Amino acid sequence: MPNPVWISLTFKYNLDHKYSDSVNNKALNKSKHTTDNDEFYTYYKDIALEVDNYASQLKGKHIYCNCDNPYLSQFVLYFIRNFKKIGLKSLTSTCLNNPHGLYFHVTDIPQSIIDGNSLDIMMWTKKHTVELNGNGGFQTPECQQILKTCDVVITNPPFSLFRDWYDLVKSAGKKYLVVANMNTCLSANISADIVEGKARFGCATTNRVYYFWRSSPTSNDRLKIGYICWLTNMKTVVKPFIPTVKRSISDYTTYDGTMIIKVPKLAQIPAGYKGVMGVPITFLFKHNPAQFKIVGFASHGKDNKYDMFSPHINGKEQYKAILIKYA
Ligand SMILES: C[S@@+](CC[C@H](N)C(=O)[O-])C[C@H]1O[C@@H](n2cnc3c(N)ncnc32)[C@H](O)[C@@H]1O
């Protein structure tokens, strides 16, 4: 159970959504190797900025936040505040908690609660939260059963279990909107879905940096983490991106053993080029399938059928790239 310091701090930041200036990517890198650093929490403001774009697709839907403490998660707070505005059918949240996970489910919310302050909502949500039999892990049979009944899963899952989370939600055939690490999106199973147009980055248009709280906060215990994106299989709105660069193709280098040019920055995508280009993963923030086709990617050359080669130039290893051509 969270301690009272955390609750009071959470409440404080619910209200003012203050952002920290401290940059700490080390914690995220560490989280690839341990679950200790999965305790990051998404800010309300960042959730609203993204989820607001899907209101019409969420209307009448049962939302499931499957890695979210019902009375501390800002995802839950957001969906409570916007329950009637979006026209949700129901909202469920579960979270890992030993020995018994927490479960919250509502099909209606009194207007007085929706209009209340964060503390009112938190208290009301807590009153409606019960314990699960198991520990609330998203992989437990109980939570998988809930998953089957929902329409859309929306959360920020533990980075260390992201691929398991993805495979589970995908195999359940559910819509999802989830906070992800950009590099993880180039893993074999996810990148194939991106190439096939079954998964895409969310509506955020830049390589956004998100802010999280740690689980045992002290006054400075907040983090700014880069290389984060939203990943979804819902429809997104992509702002037009018009390449205007008219450089000679000989100004670009090609990857070893290929005719594929390396475009180091999105702003350098040559206008009207007919061949295949290797672009940074940040291209996915701008990808409009009517404009460009993703033909594959260059990672290790063997992750899946779309991983064309390991990117090297003059024998020197290059950053992983998305391979695109004009549609
Ligand atoms: C990155 S945090 C995000 C928390 C919350 N979703 C949010 O965005 O504020 C990931 C959360 O997943 C929880 N978690 C870890 N393993 C889990 C599991 N197997 N099933 C469900 N939640 C888990 C962690 O305790 C942590 O609170």
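The values are calculated or read from the model by the stated rules, or taken from the named source; none is laboratory data. Here the structure is a predicted model, which is why all the values come from computation and not from measurement. FYI the Cβ positions are ideal-geometry reconstructions off the backbone, even for glycines, and counts take in every protein chain you see.
Observations
- Tally, over segment 266-292, of residues that are under 24 Å from the mean Cα position of the chain (by Cα) and surrounded by 16 or more Cβ atoms within 10 Å (Cβ to Cβ): 11
- Residue satisfying all of: in segment 241-254; part of a loop (DSSP other than H, G, I, E, B) and hydroxyl-bearing (S, T, Y); farthest from T42 (Cα to Cα) among these: S248
- As a summary of the residue check, M234 satisfies the conditions (1) outside any loop (DSSP other than H, G, I, E, B); (2) touching a strand residue (DSSP E or B) at 6+ places or on another chain (Cβ under 9 Å) except for the one numbered (1).
- Filter result (more than 22 Å from the chain's Cα centre (by Cα), surrounded by 10 or more Cβ atoms within 10 Å (Cβ to Cβ) and among the aliphatic types (A, V, I, L, M)) within segment 232-255: V245, I249
- Test for V76: is it within 13 Å of the ligand (Cβ to nearest atom) and either in contact with a helix residue (DSSP H, G or I) (Cβ under 7 Å, 6 or more places away or on another chain) or in a strand (DSSP E or B) (or both): yes
Yes/no per residue for (1) closer than 22 Å to N183 by Cα; (2) among the polar types (S, T, N, Q); (3) in a loop (DSSP other than H, G, I, E, B); (4) not assigned by TED's automatic domain parsing to the domain that holds M182:
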site: K239; (1), (2), (3), (4): no, no, yes, yes
site: D256; (1), (2), (3), (4): no, no, yes, yes
site: M259; (1), (2), (3), (4): no, no, yes, yes
site: G275; (1), (2), (3), (4): no, no, yes, yes
site: T282; (1), (2), (3), (4): yes, yes, no, yes
site: N288; (1), (2), (3), (4): yes, yes, yes, yes
site: G296; (1), (2), (3), (4): yes, no, no, yes
site: H300; (1), (2), (3), (4): yes, no, yes, yes
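- The set of residues from segment 156-174 being in a helix (DSSP H, G or I) and in contact with an Asp or Glu (Cβ under 8 Å, 6 or more places away or on another chain) comprises F159, S160, L161, K170.
- I225 vs. criteria surrounded by 19 or more Cβ atoms within 10 Å (Cβ to Cβ), in contact (Cβ under 8 Å) with a residue 24 or more places away in the chain and not assigned by TED's automatic domain parsing to the domain that holds S187: no
- Taken over segment 107-130, the residue count meeting the criterion of being touching a helix residue (DSSP H, G or I) at 6+ places or on another chain (Cβ under 8 Å) and surrounded by 15 or more Cβ atoms within 10 Å (Cβ to Cβ) is 9.
- Residue that is nearest to the ligand (Cβ to nearest atom) [pool: residues in segment 41-58 that are of a type in the set (S, T, Y) and assigned to a helix (DSSP H, G or I)]: Y44
- Residue check, G87 in the same structural domain as V169 (by TED's automatic domain parsing), at positive phi and in contact with a helix residue (DSSP H, G or I) (Cβ under 7 Å, 6 or more places away or on another chain): no
- Listed by position, the helices (runs of 4 or more DSSP H) enclosed by segment 83-155 that each have at least 2 residues that are within 15 Å of the ligand (Cβ to nearest atom) are 118-127, 141-149.
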